[in-house]
Amino acid sequence: MSALAELYTIPQEHLDFRDTIRQIAQERIAPRAAEIDERAEYPHDLRRLLAEQDILGLPFEPEHGGTGTGTLMLNMAIEEIAKACASTALILMVQELGTLPIKLFGSEELKQRFLPKCASGEWSPAFALSEPEAGSDPGGMITRATRDGDEWVIEGTKNWITNLGIADFYVVFAVTNREAGHSRGITAFVVEADRPGFQRRQARAQARDPRIADRSADLRRRQDPRGERCRRGK
């Protein structure tokens with residue numbers, strides 16, 4: 001085999017794991033897909049299944065309790081699960097997205113506090129970027145975080161939050177430096193779901209499909225910055 005061909009060859013262990021995930025998806029997930037869509041309920045049983053099979057550990061490195069198998073294997077797993085049930089595939093996708101700021105910019109203390117529990121499936125994250133008046137454009141972000149002594153005060157509203165009401169913690173983006181320019185000066189804060197002042201609400205939208213929901217969270221709280229701020233933009 002040439003070096004180029006070897007470069008684009010999927011490792012056998014990835015293929016074996018993919019086949020296992022495909023079997024799980026076909027036998028355990030696909031039979032639940034229609035009911036999940038019909039009832040518009042979070043599939044807690046399938047989240048437990050993904051945790052038991054180490055699938056929720058795919059986004060993480062071994063030192064944080066994950067499989068360490070990389071992005072390719074993660075995407076292969078998401079693809080196989082999505083063939084059976086897109087909603088269940090989203091569980092794994094958000095496990096990656098919601099922890100990405102911690103993995104990229106968090107302190108080692110922060111990583112050890114949150115990532116192992118996500119890798120085991122004990123905890124689920126949420127990614128709180130979009131806003132009612134700004135959409136998903138960081139350049140239009142209205143949510144602000146300001147210093148008050150040794151703490152941060154976060155003020156704003158986020159919406160379309162996947163895992164709202166399910167997540168154990170929320171990665172919330174807020175502007176911390178208004179002078180930094182468009183899409184800059186933004187910090188990701190890790191906010192536990194049970195922190196005082198953090199409000200979650202799920203209001204039904206007036207739409208043809210009553211299952212469509214405006215998922216939003218109001219932020220009026222103090223944030224202890226020690227070990228919980230992933231990054232301050234420049």
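The values are calculated or read from the model by the stated rules, or taken from the named source; none is laboratory data. Since the structure is predicted, the reported quantities are computational estimates derived from the model, not experimental observations. When we count neighbours, we look across all protein chains shown, and the Cβ atoms used for this are built from the backbone with ideal geometry, even at glycine. Each accessible area value is taken on the protein alone, full model and side chains, heavy atoms only, with ligands, DNA and RNA left out. Shrake-Rupley method; radii C 1.70, N 1.55, O 1.52, S 1.80 Å.
How big is the C-alpha Rg of the range 135-201 next to the rule-of-thumb value 2.2 N^0.38 Å, as a ratio?
Compactness ratio reported: 1.13.
Compute the distance from the alpha-carbon center of the range 112-149 to that of the range 6-68, in whole Å.
Result: 24 Å between the Cα centres.
Within 13 Å, Cβ to Cβ, of Thr69, how many net charges do the neighbouring residues add up to if Lys/Arg are +1 and Asp/Glu are -1?
-4
Could you size up the charge dipole of the range 23-172 around its Cα centre, putting +1 on the beta carbon of Lys and Arg and -1 on that of Asp and Glu, and report it in debye to the nearest 20?
120 debye
Could you tell me, in Å, what Rg and Dmax come out for the Cα atoms of the range 40-82?
Both quantities, over Cα of the range 40-82: 11.1, 36 Å.
Could you sort Glu122, Glu35 by their accessible area in this structure, using a 1.4 Å probe and putting the largest first?
Glu122, Glu35
Once phi is turned into ³J(HN,Hα) by the Karplus curve 6.51 cos²θ - 1.76 cosθ + 1.60 with θ = phi - 60°, what whole-Hz value does each residue of the range 22-32 show in order, with x for glycine and proline?
Taking θ as phi minus 60°, the curve returns 4, 5, 4, 5, 6, 8, 10, 9, 3, x, 9 Hz for the range 22-32.
From Cα pairs below 8 angstrom and at least 6 apart in sequence, can you work out the relative contact order of the range 10-124, rounded to a whole percent?
After rounding, I find 32 percent.
Using the Cα centre of the range 26-85 as the reference point, and only Cβ charges (+1 on K/R, -1 on D/E), how large is the resulting charge dipole? Debye, rounded to the nearest 20.
Here the range 26-85 has a charge dipole of around 60 debye.
On the principal axes of its Cα set, how long, how wide and how thick is the range 1-132? Give whole Å, largest value first.
51, 40, 31
Which number comes out as Rg/Rh for the range 74-135 once both Rg and the Kirkwood Rh are worked out on C-alpha atoms?
Rg/Rh for the range 74-135 comes to 1.04.
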